[in-house]
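Before any comments, here is the structure.
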Amino acid sequence: MASSSAPSQVICASFNQDNNLFSVGTKEGLKIFDSRNGRLCYKNNLGGLNIVEMLFSTSLLAIVGTGEQRAMSPRRLCLFNTQTKQSKRDLNFKTSILAVRLNMKRLVVVLQDRTFVYDLNSTTILEEIETVPNTKGLCAFAPNSEECYLALPASTSKGSALVYKTSEPELICQIDAHQAPLAAMVFSSNGMYLATASEKGTMVRVHLVTQATKSHSFRRGTYPSTIYSLAFSPSVDLPDVLVATSSSGSLHLFFLDAARNGRRQANTLLSSVIPGSVTDALDPANHHVIHNVVPADIKSCLAGQSVENSQNSSKLPALKTVIYIVTQDGYFREYVIGTTKSNESSWLLEREFNFLDSGLSSLKHNEQHID
């Protein structure tokens with residue numbers, strides 16, 4: 001989540017690669033919080049920041065300023081050490097930096113018309129990728145995959161993505177996902193799947209990266225809505241759940257094969273006449289919605305922290321999903337969603353606090369059933 005014209009103090013927000021920390025950039029500087037308890041872990045009033053990206057739970061940050069201070073140009077990437085409070089290395093570019101992604105091996109810097117791939121340790125350029133105009137800095141990066149997959153828009157007129165293996169680096173495939181231009185995309189933790197949404201926002205699709213094929217197709221809604229954030233649940237192998245937030249203020253949960261198996265009874269008549277990818281979108285068992293999670297048109301970013309099987313009060317096996325949401329109006333929320341084999345779901349707002357006030361200023365426990 002990033003915005004150079006945020007109406008509030010929050011300019012950017014993001015989770016680290018493990019989702020156990022989240023950072024926010026404001027007009028004053030940056031803050032880092034523990035997602036699990038809301039504790040303020042680090043604060044530095046460096047001045048306005050457009051980008052704050054963490055490297056897991058290490059002391060290294062990648063930060064980009066708003067330009068309000070001379071040393072914090074939007075064209076300069078600073079690799080900042082939170083322990084020494086000093087810059088480890090600065091990288092300067094000819095145009096503004098729109099996005100940054102990193103893991104233990106690679107550093108990716110996205111500009112409007114090109115993307116640079118660096119070796120993180122030596123900051124040596126490994127690849128300079130010329131791209132279509134990418135004014136929003138849209139990209140997806142798989143930090144936990146050996147191949148360090150990177151996805152970038154392939155077109156400004158339709159929803160296609162180019163997928164690169166930055167471990168070498170090389171272009172491996174093009175995925176044609178939507179008719180309208182891309183608005184959001186994200187890899188599963190191991191890079192096996194890529195989820196995409198277009199600017200229309202009515203459909204969310206999941207693709208198997210190695211084969212560049214569509215594996216799931218979900219209908220978010222009938223009316224257009226901007227998808228602000230997509231996230232897979234953490235998984236060593238196959239992800240269970242894909243979650244999304246949109247400009248409507250709703251939280252959407254889409255259940256993939258790993259979660260669906262044994263949860264629903266297949267409609268054999270429907271499946272016999274309609275392809276599986278289409279029945280995925282039509283089957284309500286695969287899609288659940290929590291309305292009014294955040295105010296409409298407030299940007300947000302989210303993370304799926306955990307998915308586990310549990311026992312509910314009726315002794316039916318249930319899938320419990322924990323989701324973190326950070327919003328541009330300064331709030332952190334933790335939701336716990338339970339779904340039984342009979343497709344009954346309920347949600348609990350486990351925690352909510354205003355991180356601009358630095359602390360657990362407001363806690364709520366509110367349990368309801370969801371659509």
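The values are calculated or read from the model by the stated rules, or taken from the named source; none is laboratory data. Source: prediction; values computed, not measured. For neighbour counting, all protein chains shown are included, and Cβ atoms are generated from backbone atoms with ideal geometry for every residue, glycine included. Heavy atoms of the whole protein, side chains included, go into the accessibility calculation; ligands, DNA and RNA do not. Shrake-Rupley method; radii C 1.70, N 1.55, O 1.52, S 1.80 Å.
Scanning the range 119-127 turns up no residue that is small (Gly, Ala, Ser) and farther than 23 Å from PRO169 by Cα. Tell me, which residue of the range 65-88 that is assigned to a loop (DSSP other than H, G, I, E, B) and among the charged types (D, E, K, R) is modelled with the lowest pLDDT? So, considering only residues that are assigned to a loop (DSSP other than H, G, I, E, B) and among the charged types (D, E, K, R), the one modelled with the lowest pLDDT is ARG70. From the residues in the range 61-70 that are touching a residue at least 40 places away in the same chain (Cβ under 8 Å) and out of contact with any Pro (no Cβ under 8 Å at 6 or more places or on another chain), which one is most open to solvent (accessible area, probe 1.4 Å)? This residue is GLU68. Please go through the range 119-175 and pick out each residue that is closer than 15 Å to GLY191 by Cα, assigned to a loop (DSSP other than H, G, I, E, B) and under 21 Å from the mean Cα position of the chain (by Cα). Of everything in the range 119-175, those that are closer than 15 Å to GLY191 by Cα, assigned to a loop (DSSP other than H, G, I, E, B) and under 21 Å from the mean Cα position of the chain (by Cα) turn out to be CYS139, ALA142, PRO143, ASN144, SER145, GLU146, GLU147, CYS148, THR166.
Filtering the range 222-257 to residues that are farther than 19 Å from GLY338 by Cα, open to solvent by less than 30 Å² (accessible area, probe 1.4 Å) and in contact with a strand residue (DSSP E or B) (Cβ under 8 Å, 6 or more places away or on another chain) leaves SER225, ILE227, SER229, LEU230, SER246, SER247.
Annotation note: of SER57, SER73, the sole residue that is under 22 Å from LYS43 (Cα atoms) and open to solvent by less than 50 Å² (accessible area, probe 1.4 Å) is SER73.
Within the range 17-46, restricting attention to residues that are assigned to a strand (DSSP E or B) and small (Gly, Ala, Ser), the residue that is nearest to the chain's Cα centre (by Cα) is SER23. Across the range 189-198, the number of residues qualifying as in contact with a helix residue (DSSP H, G or I) (Cβ under 9 Å, 6 or more places away or on another chain) and either in a loop (DSSP other than H, G, I, E, B) or open to solvent by 10 Å² or more (accessible area, probe 1.4 Å) (or both) comes to 3. Restricting attention to the range 314-345 and to residues that are modelled with pLDDT of 90 or more and outside any strand (DSSP E or B), the residue that is most open to solvent (accessible area, probe 1.4 Å) turns out to be ASP329.
So which residues in the range 199-214 are crowded, with 20+ Cβ neighbours inside 10 Å and of a type in the set (Gly, Ala, Ser), if there are any at all? Result: GLY201, single match. Taken as a whole, the condition of being touching a helix residue (DSSP H, G or I) at 6+ places or on another chain (Cβ under 6 Å), open to solvent by less than 30 Å² (accessible area, probe 1.4 Å) and either of a type in the set (S, T, N, Q) or not in a strand (DSSP E or B) (or both) applies to SER217. For the range 94-111, the candidate set comprises residues that are in a loop (DSSP other than H, G, I, E, B) and either of a type in the set (A, V, I, L, M, F, W, C) or within 19 Å of the chain's Cα centre (by Cα) (or both); within that set, the residue that is surrounded by the most Cβ atoms within 10 Å (Cβ to Cβ) is ILE97.
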